[in-house]
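Here's the structure we're looking at; comments come further down.
What follows is calculated from the coordinates using simple rules that are stated; it is not laboratory data. It should be emphasised that the depicted structure is a prediction, and the values quoted were computed from it without experimental measurement. Cβ coordinates were reconstructed from backbone atoms using ideal geometry, including for glycine residues, and neighbour counts include every protein chain displayed.
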Amino acid sequence: MNDSHSPRSVPTGDEVLHVERHDFTTLVPTDRPRAQSLRGFDPCYTDIVDYIVRCTHRIWDERDIGLIYTHYTHNSDVYYNLKSVHDREDIVRDTIQRLAVFPERRGMATQVIWRGNDVDGFYTSHLVTGSGRHTQDGPYGKPTGRAFSTRTIADCMILENRIYREWIATDGMALIRQLGLDPHPIAEATARELLGKGHGVLDFGENRRMIGQYPPEEAADLSIAHSDGEAELLGWLHAMFNRRMLGEIDRRYAANVLYHGTCKRDLYGRRAVLHRTLQLIATMPDCVWVPQHICSVPSEEGGEKIAVRWIMEGHHLGHAMMGPPTGHRILLLGMSHYHVIDGKVVEQWDVYDEMAMLAQIKLGALAMAA
């Protein structure tokens, strides 16, 4: 996707559907005329939000898995925290396997933040709240019968009805805990599988948060921002994560901010955001935070919604989230959605996989033993 600054790349907002405050039937209309230019898209889609909400529902909830053949390119790249897929047929197989273990799962669109057009391509960041029960045998063993509810964010690059690149951040630890399972043997099994496929831990020295004895860069790299609001957000996130200026939370968040964290933690207030941010950094106290993509749309609830895809890289040197420090390297893929009104964050959603962090720690131990 060419993320140019041309007028066609700028979200127009009003004519394109918004997810908040609307029922599913409004988001996938049957009688709405096309509201946005969608060259090459199937006629049933009226705009890019309708597309991503409707096709996700058709594939995952209506079980029309074969639509993957017309909605993904043959060589689609799909990136998770611990694996990547580069073949459409593998996407079909993975979908079948997951639905076989959780046949009652339903995925509800929580919000879609997007950018682009039908010439350069679209980018969507789709927050989904999934729920269901564990009723079948599978990678988690015998069915527990327990209900679960987890959040996922999928970032997609789309051209002419087909997704050609996708990043998926899941909250694996939320699922494991709700099923009443011990995460450690599951993470170790994942690590053994990775090691058996030749995947080791790439511990190649410093992560470039600092260069030698110099402090972190004072200013953030704003080259991926498309608006003043996006640039401002990237600036204080860099200060908070890389320069450890955690006082930014008091300056940038509303006093009554609602924070949605991993493991279905729904918390209120600046102190809660500060504590969760400290826990993550304290687990990898030498970490660097790097934004990979940002986009934004106006919100029907006021202000704007901003989506950031990021990676965090460091070593397990702290006790905060993963037990006694092991020193093993961790690479974390995460995605965050922010609702900003009058320059203050009033609501935030973070999705990243603590199970992937634990599996990398187990992988480091297995690699050292081997």
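Restricting the count to DSSP beta bridges whose residues both fall in region 228-369, what percent are antiparallel, rounded to a multiple of 5?
Working: 33 of 37 bridges.
Counting only bridges with both partners in region 228-369, antiparallel ones make up about 90 percent.
Just to be sure I understand: of the beta bridges DSSP finds with both ends in region 7-170, what percent are antiparallel, rounded to 5? Before the final figure, lay out each step's value.
On the way: 34 of 38 bridges.
About 90 percent, rounded to the nearest 5.
How much FRET efficiency would the formula 1/(1 + (r/R0)^6) give for ARG192 and HIS86, where r is the Cβ-Cβ distance and R0 is 25 Å, rounded to 0.05? Walk me through the numbers on the way to the answer.
Working: r = 23 Å, r/R0 = 0.92.
The computed FRET efficiency comes out at 0.60.
Exceeding 19 Å between C-alpha atoms, which entries from my cross-link table qualify? They are LYS305/LYS344; LYS83/LYS197; LYS83/LYS362; LYS142/LYS197. Don't skip to the end; give the middle numbers.
Values: LYS305/LYS344 12 Å; LYS83/LYS197 11 Å; LYS83/LYS362 16 Å; LYS142/LYS197 25 Å.
Exceeds cut-off: LYS142/LYS197.
Given springs between every Cα pair under 10 Å in a Gaussian network model of the chain, which of ALA154, ALA219, ALA191 has the largest fluctuation?
Looking only at ALA154, ALA219, ALA191, the largest GNM fluctuation is found for ALA219.
Please list 3J(HN,Hα) in residue order for region 360-366, calculated via the Karplus relation 6.51 cos²θ - 1.76 cosθ + 1.60 where θ = phi - 60°; whole Hz, with x for glycine and proline.
Taking θ as phi minus 60°, the curve returns 5, 5, 5, 5, x, 5, 5 Hz for region 360-366.
If I take the Cα coordinates of the chain and project them onto the principal axes, what are the three extents in Å, biggest first?
Projected onto its principal axes, the Cα set of the chain covers 59, 49, 36 Å.
So between ASP61 and ILE211, what do we pick up on full extension, going 0.36 nm a residue minus the alpha carbon distance? Intermediate results must be reported in sequence, preceding the final value.
Details: separation 150, 0.36 × 150 = 54.00 nm, distance 4.86 nm.
In short, 49.1 nm is gained.
From Cα pairs below 8 angstrom and at least 6 apart in sequence, can you work out the relative contact order of the chain, rounded to a whole percent?
15 percent.
Under the definition of Cα pairs under 8 Å and six or more residues apart, what whole-number percent is the relative contact order of region 222-370? List each step's numbers first, then the result.
Numbers: 279 pairs, mean separation 31.0, N = 149.
This gives 21 percent for region 222-370.
Of the DSSP beta bridges with both residues in the chain, give the percent that are antiparallel, rounding to the nearest 5.
90 percent
Quick check for me: using +1 on Lys/Arg Cβ and -1 on Asp/Glu Cβ, what's the dipole size of the chain about its Cα centre, in debye to the nearest 20?
Details: 40 positive and 49 negative charges, 212 e Å.
The calculation lands at about 1020 debye.
Got a sec? Charge dipole of region 232-330, +1 on Cβ for Lys and Arg, -1 for Asp and Glu; which of PRO285, LEU246, LEU274 is way out at the positive end?
PRO285
Tell me the label-point distance for the pair LEU317, THR95, using the 7 Å Cα-to-Cβ offset, in nm and rounded to one decimal.
4.3 nm
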